[in-house]
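**Q** The structure follows.
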Number of protein chains: 2
Amino acid sequence: MERIGVGLLGMGTVGTGVFKALKSNQDVILKRTDTLFEVKKILVQDPDKKRQAEDAQSLLTTDFQQVLEAGIQVVVEAIGGLEPARSFIERAFEAGCHVVTANKELLAKHGSELERLARSRGVQLLYEASVGGGIPVLGTMRHLLKSNRIHRITGILNGTTNYILTEMASKGTPFDEVLAEAQKLGYAEADPTSDVDGFDAAYKLAILARLSFDAEVPVTEIPREGIREITPGELVLARRLGYAVKLLARGEQYGEKGPVSLAVGPALLPLTHSLSSVDGIYNAIHLEADVVQDITLVGQGAGEEPTASAVVEDLCNLYCLPPSKFIPSEETLLLPSQHSGGSRFIYLETAQHLDEGDAEGLKRRLQAIGLPVGETGISRVTDGSGVAFILRRWDPLYRGVLLAELGLEVSCLTDRPVHGSSTVEEAVRLEAGSAV
Amino acid sequence: MERIGVGLLGMGTVGTGVFKALKSNQDVILKRTDTLFEVKKILVQDPDKKRQAEDAQSLLTTDFQQVLEAGIQVVVEAIGGLEPARSFIERAFEAGCHVVTANKELLAKHGSELERLARSRGVQLLYEASVGGGIPVLGTMRHLLKSNRIHRITGILNGTTNYILTEMASKGTPFDEVLAEAQKLGYAEADPTSDVDGFDAAYKLAILARLSFDAEVPVTEIPREGIREITPGELVLARRLGYAVKLLARGEQYGEKGPVSLAVGPALLPLTHSLSSVDGIYNAIHLEADVVQDITLVGQGAGEEPTASAVVEDLCNLYCLPPSKFIPSEETLLLPSQHSGGSRFIYLETAQHLDEGDAEGLKRRLQAIGLPVGETGISRVTDGSGVAFILRRWDPLYRGVLLAELGLEVSCLTDRPVHGSSTVEEAVRLEAGSAV
C-alpha cells in the first residue's frame with residue numbers, strides 16, 4: 001500500500017465534494033488502486049466559516065506554504081479563476097507535486113504553458129473535472145480512443161444554460177424569469193455572464209480541441225454567442241418542426257494536423273440526434289472519429305458529487321494510468337465557422353395576428369422567388385405571432401431578402417444553424433448491407 | 001518502437017475490420033503508443049473465398065498451429081461461438097500470447113475460467129468489443145470509474161432488436177415484416193433467435209455484471225424475454241402516453257458484494273430518459289454509481305468499423321494500460337427480478353371498436369374498484385381497438401382482476417415494467433440548492 005498526501009486548495013462545492021468522496025470511498029479506492037489518499041492540509045480564505053465537512057476543521061490553513069510543507073505529493077486546486085490558482089499550481093510543480101484541477105478558465109487560457117512546466121518538473125497535471133463535470137471525456141479521449149482520429153466534437157458543455165433552455169421550452173417562460181428562478185435555486189451565479197454568454201462553454205471547447213485535435217487556439221478567438229436573445233416562442237416552434245435548440249460547442253478539424261473551426265452558440269438539433277434529449281443540468285459530448293464512427297457521453301455537468309468523482313478519478317489515475325504524452329503544439333489555424341451552406345432555422349415575431357393559412361401563403365411567396373423553404377410553423381405569442389421556417393440552404397444575404405419579401409412589421413428576426421441530420425439515419429445509410 | 005506480431009482468427013466482419021483499421025491507422029497508433037502491430041497470419045476456413053481485403057490473401061492459413069508459430073505476441077479471436085474459439089484461446093494462452101476477443105457468448109459463459117487461465121500464464125485477456133460494439137464501456141468501468149461503486153446498469157445492448165423496435169414504432173409495421181426486411185438488409189441473421197429472444201443481450205449483461213458488481217452469474221439463470229410478442233399498436237400507444245419501449249438489460253446490486261438482480265426484457269422508459277432516444281442500430285449503457293451519479297455511453301453497437309475500433313483499442317491497451325486486477329468471484333446470489341411494485345404498462349387488443357369515451361369509462365370503472373390507473377390511451381388496430389393503461393402500482397394478481405372487470409373479449413394482454421423516472425427530474429430534485 002502506498003500513502004499519498006494531498007493538499008486541497010479551496011473548500012467550496014468542489015473541495016467539499018473531494019474531501020467527502022476521499023473519505024466515503026477510501027476502501028474502494030484502496031482495494032482497486034492499492035493507494036491511500038490522505039488530505040493533509042486545506043487552504044481556505046476564512047478558517048472560521050461554518051463548513052459542511054466538520055472533520056476538515058483541524059486541517060484548515062490560510063497559508064499556501066503550510067500546504068506545501070505538509071508532506072504532500074499532490075495538490076488539488078479547487079479555487080477556480082486565474083489568480084491565485086495559477087501561481088499556486090506553478091509553486092506546486094516547483095515543489096515536485098502533481099496537480100489535479102477542475103479549473104476550466106485557467107486550463108483554457110494557460111493549459112499548454114502549465115503542461116510544459118509540469119513536464120519540465122517531471123510531474124503531472126490532470127484536469128478531467130474541467131470539462132463535463134463527472135463525464136470522463138478527457139480520459140476516454142486520452143486512453144480509450146488512442147487508435148482513432150477524432151475529427152468532430154459537438155457538446156452541450158454548460159449545465160446552467162441547458163437548464164434554462166429546458167425550462168423555457170417546457171414551461172414557455174421567458175429567459176429573464178427562468179434565470180431569476182435558477183439564481184434563486186443556486187443553479188446560476190449572481191453574475192451569470194460566464195454561463196449565459198457562452199464563455200464557460202468556450203473554455204471547455206478550447207480544452208477539448210487541444211486534446212482531440214492537438215489544436216492550440218486562443219479562447220478569445222472562438223466565435224461565441226450566448227442564449228440571452230432566445231425566446232420561448234422560438235423554442236416552441238423549433239420543437240414543433242422537429243428540433244431542439246441547444247447551446248452547442250462545435251469543433252471540427254480538416255485533415256490531420258489541419259486547420260480547425262470552433263464555435264459556441266445556439267443551434268438546432270433534430271429530435272432524433274443523441275444530444276437533443278440531453279436536458280436540464282446534464283452535459284453531453286458527441287465525438288466523431290474515423291474508426292469508431294461516433295460516441296456520445298452523457299452525465300451531470302456540475303454539482304458537488306459528479307465533479308468530485310472526476311477529481312478523485314484523476315487522483316487515482318496519477319498512480320494507475322500512464323502519464324500524458326501530449327505535447328502542446330504551436331498555434332493552430334482557426335477557420336471562420338461556416339455561415340453559409342447547410343440548413344437554417346428562421347424565426348421572427350410580428351405584431352400582426354397570422355394563422356396557418358397566412359404561414360402557407362408566406363411560404364409559397366418565398367418559394368416563388370427561389371428561397372428553399374421547408375417546414376413552416378406559426379404560433380401565438382404575446383402581442384402577435386411567431387413565424388418559423390426551415391431554409392434548406394443559407395446565405396447571409398437571405399436575411400434582407402426575407403425582410404423585404406415578407407412585408408411584415410418584424411420585431412425580431414433570428415437565424416440559427418441546423419446541425420447534423422440524425423446520427424441514426426446516417427448510420428443506417430452507411431451500414432446498409434453489413435451485419436448489425 | 002516495439003513491434004508486435006498479431007495472429008488473427010477469422011476474416012468475417014470483425015476480422016476484416018481489424019485488418020483494415022490496423023493498416024489505415026497504423027501511423028496514429030505508432031505515434032500514440034510507440035508500437036507497430038503487424039498481422040502475421042490469418043486463420044480462415046476457406047482460403048479460396050473472395051475477400052474484401054485483398055492484401056490479406058498471402059497471410060491466410062487453415063492451420064491454427066501455423067498462426068501460433070508465426071512469431072506473434074497476441075491472438076485476436078474473431079470467430080465467435082464456443083468452439084473452436086475456446087480451445088484456440090486456451091492454446092494461445094499456453095503459448096504465452098495475450099488474447100483480444102469480441103466473443104460475448106464465450107465470455108459470458110466461460111469468462112472467469114479464461115481470466116484465471118490467462119492470469120496463471122502471465123498473459124492478458126481483453127474483450128471490449130464483446131459489449132456495446134465500439135462503445136468503450138468496459139474500459140470506462142475498469143479505468144475511469146475506479147473510485148466509484150456502480151450499483152445499477154441499464155443497457156440497450158442489442159442493435160438488431162433496437163433497429164426492429166425503432167422501425168416498428170416509426171412505421172407501424174408488424175414484427176415479422178420488419179424482421180424479414182432486416183434480414184434482407186443484413187441487420188438480422190438468418191436465424192434471429194440469439195438477437196430477438198434476448199440471448200445476446202443476456203450474454204452482454206452477464207459480462208457487465210461481472211465487471212461492475214464482481215458478480216458471477218450463470219447466464220442461463222438470467223430471466224430473459226424477447227421482442228417477438230410486441231405489436232406496433234403497443235409501441236404507438238406507449239409513445240402517446242410518453243414512453244418508449246426498449247429491450248432493456250437491467251442489473252442491480254444490493255450493497256457491496258451483495259446479491260444482484262439481472263433481467264433482459266422489453267420495458268418502458270419515459271421519453272425524458274437518456275436511453276429513450278437511442279434508436280436504430282445504436283447501443284447505450286446507463287451506469288449509476290455512488291459518486292459520479294450517472295453516466296450514459298452511446299454508440300454503434302455493431303458493424304465492421306465500430307467493433308474493429310474496440311478490438312484495436314484493446315490491442316493498444318495491452319501495452320499502454322495496467323492489466324486488470326479483476327479476480328473472478330464465487331457465484332453470486334441472484335435475486336428474482338421484481339415483479340410487483342413500481343409502475344406497469346398494460347396493453348390489450350379487443351375486437352370491439354372503442355373510442356376515447358369508452359377508454360375513460362374503463363378507467364373510471366377500474367379506479368372505482370381501487371386499481372391505481374393513470375394515463376390511458378386508445379387506438380385503432382387491425383380488426384378492433386388497442387387499449388393502454390399505466391398502473392401506478394403493480395401486482396401480478398391484477399391481470400385477472402383486469403380481465404374480469406373490463407368485460408371485453410381480449411385477444412392479447414401485455415404487462416410491462418415502466419423503468420426509471422426521468423434522470424433529469426431526479427437530478428434536479430437531488431441537486432436542488434447546490435450550484436450547477
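The values are calculated or read from the model by the stated rules, or taken from the named source; none is laboratory data. This structure is a prediction, so every number in the text was calculated from the model and none was measured. We place every Cβ from the backbone using ideal geometry, glycine too, and count neighbours over all the protein chains shown. Accessible surface areas use protein heavy atoms only, side chains included; no ligands, DNA or RNA. Shrake-Rupley method; radii C 1.70, N 1.55, O 1.52, S 1.80 Å.
**Q** Name, by its number, the condition in (1) assigned to a strand (DSSP E or B); (2) closer than 30 Å to B:T382 by Cα; (3) open to solvent by less than 10 Å² (accessible area, probe 1.4 Å); (4) in contact with a Lys or Arg (Cβ under 8 Å, 6 or more places away or on another chain) that does not hold for B:G265.
**A** (3)
**Q** Taking region A:355-372 on its own, how many of its residues are assigned to a helix (DSSP H, G or I) and in contact (Cβ under 8 Å) with a residue 12 or more places away in the chain?
**A** Just the residues of region A:355-372 that are assigned to a helix (DSSP H, G or I), to begin with: A:356-368.
Then keep just the ones that are in contact (Cβ under 8 Å) with a residue 12 or more places away in the chain; that gives A:356, A:358-360, A:362-363, A:365-366.
The total comes to 8.
**Q** May I ask you to verify whether B:G299 is within 30 Å of B:I4 (Cβ to Cβ), at the interface with another protein chain (Cβ under 7 Å from one of its Cβ atoms), under 19 Å from the mean Cα position of the chain (by Cα) and not charged (D, E, K, R)?
**A** For B:G299, the condition - within 30 Å of B:I4 (Cβ to Cβ), at the interface with another protein chain (Cβ under 7 Å from one of its Cβ atoms), under 19 Å from the mean Cα position of the chain (by Cα) and not charged (D, E, K, R) - is met.
**Q** If you don't mind, another one. Testing A:E305 on (1) assigned by TED's automatic domain parsing to the domain that holds A:Y163; (2) out of contact with any Ser or Thr (no Cβ under 7 Å at 6 or more places or on another chain), one condition comes back false. Which one is that?
**A** For A:E305, the exception is condition (1).
**Q** I've got another one for you. Out of (1) open to solvent by 10 Å² or more (accessible area, probe 1.4 Å); (2) farther than 30 Å from A:G384 by Cα; (3) assigned to a strand (DSSP E or B); (4) not hydroxyl-bearing (S, T, Y), the odd one out for A:N283 is which?
**A** Result: A:N283 passes all but (1).
**Q** Turning to a different aspect of this structure: Filter region B:199-221 for residues that are open to solvent by 10 Å² or more (accessible area, probe 1.4 Å) and more than 20 Å from B:R142 (Cα to Cα); which is modelled with the highest pLDDT?
**A** It comes out as B:F199.
**Q** Answer with yes or no whether B:K257 is within 14 Å of another protein chain (Cβ to nearest Cβ), among the basic types (K, R) and farther than 23 Å from B:L114 by Cα.
**A** Details: within 14 Å of another protein chain (Cβ to nearest Cβ): yes; among the basic types (K, R): yes; farther than 23 Å from B:L114 by Cα: no.
Spelling it out, it is not the case that B:K257 is within 14 Å of another protein chain (Cβ to nearest Cβ), among the basic types (K, R) and farther than 23 Å from B:L114 by Cα.
**Q** Would you confirm whether or not region B:303-316 contains a residue that is facing chain A (nearest Cβ under 10 Å), assigned to a loop (DSSP other than H, G, I, E, B) and in contact with a strand residue (DSSP E or B) (Cβ under 7 Å, 6 or more places away or on another chain)? Reasoning before the result, please.
**A** Here is the first cut: in region B:303-316, the residues facing chain A (nearest Cβ under 10 Å) are B:303-316.
Then keep just the ones that are assigned to a loop (DSSP other than H, G, I, E, B); that gives B:303.
When the remaining residues are screened for being in contact with a strand residue (DSSP E or B) (Cβ under 7 Å, 6 or more places away or on another chain), the result is none.
No, region B:303-316 contains no residue that is facing chain A (nearest Cβ under 10 Å), assigned to a loop (DSSP other than H, G, I, E, B) and in contact with a strand residue (DSSP E or B) (Cβ under 7 Å, 6 or more places away or on another chain).
**Q** Residue check: is A:L125 surrounded by fewer than 24 Cβ atoms within 10 Å (Cβ to Cβ), under 23 Å from A:A202 (Cβ atoms) and either in contact with a helix residue (DSSP H, G or I) (Cβ under 6 Å, 6 or more places away or on another chain) or not hydroxyl-bearing (S, T, Y) (or both)?
**A** Details: surrounded by fewer than 24 Cβ atoms within 10 Å (Cβ to Cβ): no; under 23 Å from A:A202 (Cβ atoms): yes; either in contact with a helix residue (DSSP H, G or I) (Cβ under 6 Å, 6 or more places away or on another chain) or not hydroxyl-bearing (S, T, Y) (or both): yes.
In short, no.
**Q** Return the residues of region B:232-254 that are small (G, A, S), away from every other protein chain (no Cβ under 14 Å) and not in a strand (DSSP E or B); say none if nothing qualifies.
**A** Answer for region B:232-254, where residues must be small (G, A, S), away from every other protein chain (no Cβ under 14 Å) and not in a strand (DSSP E or B): B:G233, B:A238.
**Q** I've got another one for you. Being over 18 Å from the mean Cα position of the chain (by Cα) and outside any helix (DSSP H, G or I) narrows it down to one of A:S147, A:S170, so name that one. Steps first, please.
**A** On the way: A:S170 fails: outside any helix (DSSP H, G or I).
So the residue among A:S147, A:S170 that is over 18 Å from the mean Cα position of the chain (by Cα) and outside any helix (DSSP H, G or I) is A:S147.
**Q** Which of (1) under 26 Å from A:L241 (Cα atoms); (2) in contact with a Phe, Trp or Tyr (Cβ under 7 Å, 6 or more places away or on another chain); (3) not polar (S, T, N, Q); (4) not assigned by TED's automatic domain parsing to the domain that holds A:L211 is the odd one out, the single condition A:L315 does not satisfy?
**A** It is condition (1) that A:L315 fails.
**Q** Next question, about the same structure. Of everything in region B:1-34 that's at the interface with chain A (Cβ under 10 Å from one of its Cβ atoms) and not in a helix (DSSP H, G or I), which residue is least open to solvent (accessible area, probe 1.4 Å)?
**A** Per the stated criteria, the residue is B:N25.
**Q** Of (1) within 14 Å of chain B (Cβ to nearest Cβ); (2) over 30 Å from A:D290 (Cα atoms); (3) open to solvent by 10 Å² or more (accessible area, probe 1.4 Å), A:V196 satisfies all except one. Which?
**A** The failed condition is (3).
**Q** Turning to a different aspect of this structure: All but one of (1) touching a Leu at 6+ places or on another chain (Cβ under 7 Å); (2) closer than 14 Å to B:G420 by Cβ; (3) at pLDDT 95 or above hold for B:P266, so report the exception by its number.
**A** (2)
**Q** Additional query: Return yes or no: is A:A289 in contact (Cβ under 8 Å) with a residue 12 or more places away in the chain and more than 17 Å from B:L145 (Cα to Cα)?
**A** Numbers: in contact (Cβ under 8 Å) with a residue 12 or more places away in the chain: yes; more than 17 Å from B:L145 (Cα to Cα): yes.
When the stated conditions are applied, A:A289 passes them.
Quick grid of which residues meet (1) among the β-branched types (V, I, T); (2) at pLDDT 85 or above:
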site	(1), (2)
B:R365	no, yes
B:T382	yes, no
B:G386	no, yes
B:L403	no, yes
B:L406	no, no
B:L413	no, yes
B:S421	no, no
B:E425	no, no
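**Q** Kindly indicate whether B:L165 is more than 12 Å from chain A (Cβ to nearest Cβ), under 10 Å from the mean Cα position of the chain (by Cα), part of a helix (DSSP H, G or I) and touching a residue at least 24 places away in the same chain (Cβ under 8 Å).
**A** On the way: more than 12 Å from chain A (Cβ to nearest Cβ): yes; under 10 Å from the mean Cα position of the chain (by Cα): no; part of a helix (DSSP H, G or I): yes; touching a residue at least 24 places away in the same chain (Cβ under 8 Å): yes.
Spelling it out, it is not the case that B:L165 is more than 12 Å from chain A (Cβ to nearest Cβ), under 10 Å from the mean Cα position of the chain (by Cα), part of a helix (DSSP H, G or I) and touching a residue at least 24 places away in the same chain (Cβ under 8 Å).
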